[in-house]
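S.K.: This is the structure I have questions about; it appears just below.
The values are calculated or read from the model by the stated rules, or taken from the named source; none is laboratory data. As the structure is a computational prediction, the values presented were derived from the model and not from experiment. Please note: Cβ atoms are built from the backbone with ideal geometry, for glycine as well, and neighbour counts cover all protein chains shown.
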Amino acid sequence: MNLGEVARFIIQPEYGYGVQGLAPKVEPNEVLDYEIELVSYGKPLPKFPSPAELAESRKRQAEEDRKMLEANPPATVGTPRRIVFNPEQKEEGNALVKKGDYESAQKCYDTVTSSVETCRLDWPFQAFVHIFYGKDEWEVLVSAEDKTRINNHKVPLYLNRALCKIKLGKWNDAEWDCDKAIEINSALLKAHFRRSLVFLGKLNDELAKEDRKEFWVIDKANKFLAEAEASLQKAVELTDGGSDAQIVKTQMDLKRSKMTLAKYIKSYHEAEKKLYKDNIMDRLVAVNKKKQASELQQELEHEFEDMPSLE
C-alpha cells in the first residue's frame, strides 16, 4: 500500500470472531468489513538473512571459535594430562544396588567424583554428570586416548544408573542413559537389554491403563512393543548364541505382554464395531424403515385418489 491509500478487507467468520462473536458489536458468524487507510509507516525492518547466509555465518563463527580455543586453551586442560577417577562412590552405589536401595544408588552414580591432574589439581568435579566438554573443545583439545578413557569410565555408570531408574520406573530417564551408553559403544549387550526393559515397562504401563479403564493409545503401545522387541533382539544377537537367564525371562515377559496387547486391541475393535452398529448402522436402518413406510403410505394414498368414492 501507498501513503493515503484505502483498502477494503472482508473477513469471513472463521478468520474473525467465529461463532462466539464479540458482543455487543459483532454478532455470531458475522462477516467483518473493514476499510483501512495507510497514514504513515516507520523505518523498514532489516532484511532477514537467507538460509545460505545463516549457514555461512555459523561456519565463520565456528572457525573463529576453534582458532580462539586453540590459541587460548582452558586452564583445566594440560598436555600431557592424566585423568584419575575415584571409584569409592561407584562401589558404594554398587553395594546399594545389591541392597535394593536404588534411589540412593542412583545418587551415588550421579556424584562419582574425579579429578584432572593438571595445573589445577585441587579442582574436583563430578565425573558422570559433569565430565562435560564443549563440542569444539572435545573435538580439538581432548586427545583420542583421553576420549577413550573418559568414555570407558562413563559406560558402566550409564548402565548402572539406567538399572536404578528401571527399578524406580523412571522409564524416560533410563532410556536416555541406555541410549548414551549405546552412543559410546553400540555393541553393549547390557545397554540393549536394559533398553528393552525400559520399553517393556512403558508397554506394561499402557496396558495397566486398560485394566484401570483409563484412556490409552494403541499406536503408542505398538511403538513401545516394537522398540522392546528390537532392543531385545539386538541383545540376543550380542550373546553370540549363548543363553542368558535374564534375557530368556524377559523374552517370556515380553511375549505375555504382546499377547495381552493383542487381546486388548481385539476387544477394542469389537467394541468399536458394536458402537458403530448401535449408534450409526441401527439408526440408519431405523431411518430407512421409516422412510420406506412413508413412501409406501404415499403410494397407497396416491392409488386411492383415482378410485371413485363409495356412496
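S.K.: Pairs needed: first member in the range 240-254, farther than 19 Å from residue 188 by Cβ; second member anywhere, in a helix (DSSP H, G or I); C-beta distance under 6 Å; at least 6 residues apart or different chains.
M.R.: Once the first residue is farther than 19 Å from residue 188 by Cβ and sits in the range 240-254, its partners that are in a helix (DSSP H, G or I) give 254/200; 254/228.
S.K.: Note down all Cβ pairs under 8 Å where the first residue falls in the range 224-239 and is surrounded by fewer than 19 Cβ atoms within 10 Å (Cβ to Cβ), the second is aromatic (Phe, Trp, Tyr), and they're at least six residues apart or on different chains.
M.R.: Qualifying pairs under 8 Å: 227/199.
S.K.: Got a number for residues in the range 146-177 being of a type in the set (Ser, Thr, Tyr) and buried (at least 17 other Cβ atoms within 10 Å of the Cβ)? Even if it seems obvious, please write down each step before you answer.
M.R.: Here is the first cut: in the range 146-177, the residues of a type in the set (Ser, Thr, Tyr) are 148, 158.
Adding the requirement that they be buried (at least 17 other Cβ atoms within 10 Å of the Cβ) leaves 158.
The qualifying residues number 1.
S.K.: In the range 34-51, which residues are part of a loop (DSSP other than H, G, I, E, B), in contact (Cβ under 8 Å) with a residue 12 or more places away in the chain and loosely packed, with under 10 Cβ neighbours inside 10 Å?
M.R.: 39, 40, 41, listed by residue number.
S.K.: Ok, one more. Given the condition among the small types (Gly, Ala, Ser) and surrounded by 15 or more Cβ atoms within 10 Å (Cβ to Cβ), answer yes or no: does some residue in the range 179-190 qualify? Steps first, please.
M.R.: Of the range 179-190, the ones among the small types (Gly, Ala, Ser) are 181, 186-187.
Narrowing further to those that are surrounded by 15 or more Cβ atoms within 10 Å (Cβ to Cβ): 181.
Yes, the range 179-190 contains a residue that is among the small types (Gly, Ala, Ser) and surrounded by 15 or more Cβ atoms within 10 Å (Cβ to Cβ).
S.K.: Name the single residue, out of those in the range 10-33 being in contact with a strand residue (DSSP E or B) (Cβ under 8 Å, 6 or more places away or on another chain) and in a strand (DSSP E or B), that is surrounded by the most Cβ atoms within 10 Å (Cβ to Cβ).
M.R.: 26
S.K.: Which residue, of 169, 93, is within 30 Å of residue 199 (Cα to Cα) and at pLDDT below 90?
M.R.: On inspection, the qualifying residue turns out to be 93.
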